[in-house]
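Working notes for the structure below.
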Amino acid sequence: MADTKKTVQLSIDGKNYDYPVIEGSEKEQAFDIGNLRAQTGYITMDNGFANTSTCTSAITFLDGDKGILRYRGYPIEQLAEKSSFLEVAYLLIYGNLPTVAELTTFTKEITKHTLLREDLVKLYDGFPRDAHPMAVLASVVSAMSTFYQDSLNPKDPAQVQESIIRLMAKLPTIAAFAYKTSIGQPRIYPRNDLEYCSNFMNMMFAVPSEPFQVRPEIAEVMNLLLILHADHEQNCSTSTVRMIGSSAANLFASIAGGVCALWGPLHGGANQEVMEMLQTIHNDGGDVDKYVKLAKDKNSTFRLMGFGHRVYKNFDPRAAIIKKACDKVLTTLNVKTPLLDIAKRLEDAALKDPYFIERKLYPNVDFYSGIIYSALNIPVNMFTVMFALGRLPGWISHWKEMNDSGTAKIGRPRQIYTGPTARDYTPLQARK
Ligand code: CMC
């Protein structure tokens, strides 16, 4: 962050106030209003924080107008093509691409911790069989702070490191156990001879009664999807993780909150909604124009799920990579689905429509990911869990950046109160 020596002047009630302009490494500028209330008595109002930065961050850069996304400076396109998810996780969390030795140690540590404590596993039998796996994920992650009490202190770097490794190692096991429990199959324990994605797929789809082998193409496309979801700067779930962590809450508790925030259909839950929407359109005869019209109708609550983004106003670079991968994986796995055709026709129709053009609404990361997940046999209610597996290193890196900074303050927004002004208590019998 550079001090630009520039200031922005605000004129309030005839008095002028100067606020320093700070500049990021990509020349984004902000004026720092840290003293605004003390100096002027005013606060700012910014619905949905659309114009507010609450921190500086050196993790992810995105330019929504140009469709740029970089993790620690590396373009997402290069990472998607050349990297592995654990390498990207290391990059996000520790700031640099790992050396061979660093990646070997990181991978070994994670592999060593993939098992869950047996008494933690018993929790799964207490949830209803039809519980949403995101609810189970959030609950079990939260419960980690009861089982791993030796790694709760955010001020002890060794404990923080232990909790990072535990989360990275156990989240795939937690997720796969949620799925196996929901379908009444025996839970498949992790296999440490398999790499990260193959191990997850094995826990999802193997059964004890017969041999099972994960196809390398499947592990490869999962690796790609996890990389594309790994971080997206101050999105809703990441901001939630930062907000919880700002109270000095432990990492498990903070990540559990992130899982809950991700679940919402306007955020990570959109991938499930996209698939359900495509299925509805298919069942309804495949008339995409009808649904484009419905999405524009202000009297309807229907939105084109997987379309639009708070920040991307040109294209979502992740969606472009996923669309290509989608075509490839469906061909490789010889999967034929009418939903891909509907998705493509829907995209074409929306991109030609003035409503979507004027509002700069483009397909986002969730638009095609569900079609890939389905081709991998991942059930629809597990889609957002897949997103969570990918986003985990992003959440961790933001929590760690804030925790390590030494300058973070507890998150505590202000409000403009609009309720009743002071009034006297009326005794119950006297109320009308
Ligand atoms: N379908 C129809 N209209 C839309 C859509 C959509 N998907 N998205 C935005 N609009 C309209 C909206 O009605 C508004 O119109 P008007 O100006 O006439 O009132 C205008 O576009 C601006 O929308 P907004 O809701 O003010 O924009 P936002 O930045 O607050 O919301 C969004 C961003 C992603 C929540 C929204 O575009 C949306 O609901 N999309 C569908 C859900 C979705 O795909 N979410 C995944 C986002 S990417 C992955 C992630 O972050 O998890």
Worksheet entry | segment 391-432: number of residues that are without any contact (Cβ under 8 Å) to a residue 40 or more places away in the chain and assigned to a loop (DSSP other than H, G, I, E, B) | 18
Worksheet item: Scanning segment 330-351 for residues that are in contact with a strand residue (DSSP E or B) (Cβ under 9 Å, 6 or more places away or on another chain) and not acidic (Asp, Glu), which turns out surrounded by the fewest Cβ atoms within 10 Å (Cβ to Cβ)?
Response: LEU351
Fill in: Residue ID - modelled with the lowest pLDDT, chosen from residues in segment 352-373 that are open to solvent by 40 Å² or more (accessible area, probe 1.4 Å), more than 9 Å from the ligand (Cβ to nearest atom) and farther than 17 Å from LEU294 by Cβ
TYR362
Item to complete: For segment 160-197, name all the residues that are open to solvent by 50 Å² or more (accessible area, probe 1.4 Å) and of a type in the set (A, V, I, L, M, F, W, C).
Response: ILE183
Worksheet entry | Search result, residues across segment 271-319 that are loosely packed, with under 14 Cβ neighbours inside 10 Å and more than 13 Å from the ligand (Cβ to nearest atom) | THR280, ASN283, ASP284, GLY285, ASP287, ASP289, LYS290
Response to the item:
Those residues of segment 53-79 that are open to solvent by less than 40 Å² (accessible area, probe 1.4 Å), among the aliphatic types (A, V, I, L, M) and in contact with a Leu (Cβ under 7 Å, 6 or more places away or on another chain) come to a total of 4
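Given the criteria of a type in the set (A, V, I, L, M) and part of a loop (DSSP other than H, G, I, E, B), does LEU97 qualify?
Here the answer is yes, as LEU97 does meet what is asked.
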Worksheet item: Are any of the residues in segment 258-265 at pLDDT below 95 and under 30 Å from LYS409 (Cβ atoms)?
Response: no
Fill in: Hey, SER237 touching a residue at least 24 places away in the same chain (Cβ under 8 Å) and surrounded by 20 or more Cβ atoms within 10 Å (Cβ to Cβ) or not
yes
Fill in: Matching helices (runs of 4 or more DSSP H) fully within segment 191-263 where at least 3 residues are under 18 Å from PRO133 (Cα atoms) and among the aliphatic types (A, V, I, L, M)
196-205, 251-263
Item to complete: Using the structure shown, decide if LEU251 is closer than 26 Å to LEU152 by Cβ and crowded, with 21+ Cβ neighbours inside 10 Å.
Response: yes
Practice prompt. Report yes if LYS336 is of a type in the set (Lys, Arg), over 20 Å from PHE200 (Cα atoms) and in contact with a helix residue (DSSP H, G or I) (Cβ under 8 Å, 6 or more places away or on another chain), otherwise no.
Written response: yes
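The values are calculated or read from the model by the stated rules, or taken from the named source; none is laboratory data. Keep in mind it's a predicted model, so treat the numbers as computed, not measured. A quick note on method: Cβ atoms are made from the backbone with ideal geometry, for glycine too, and the neighbour counts reach across all protein chains shown. When the accessible area is computed, the model is the full protein with side chains, heavy atoms only, and any ligands, DNA or RNA have been set aside. Shrake-Rupley method; radii C 1.70, N 1.55, O 1.52, S 1.80 Å.
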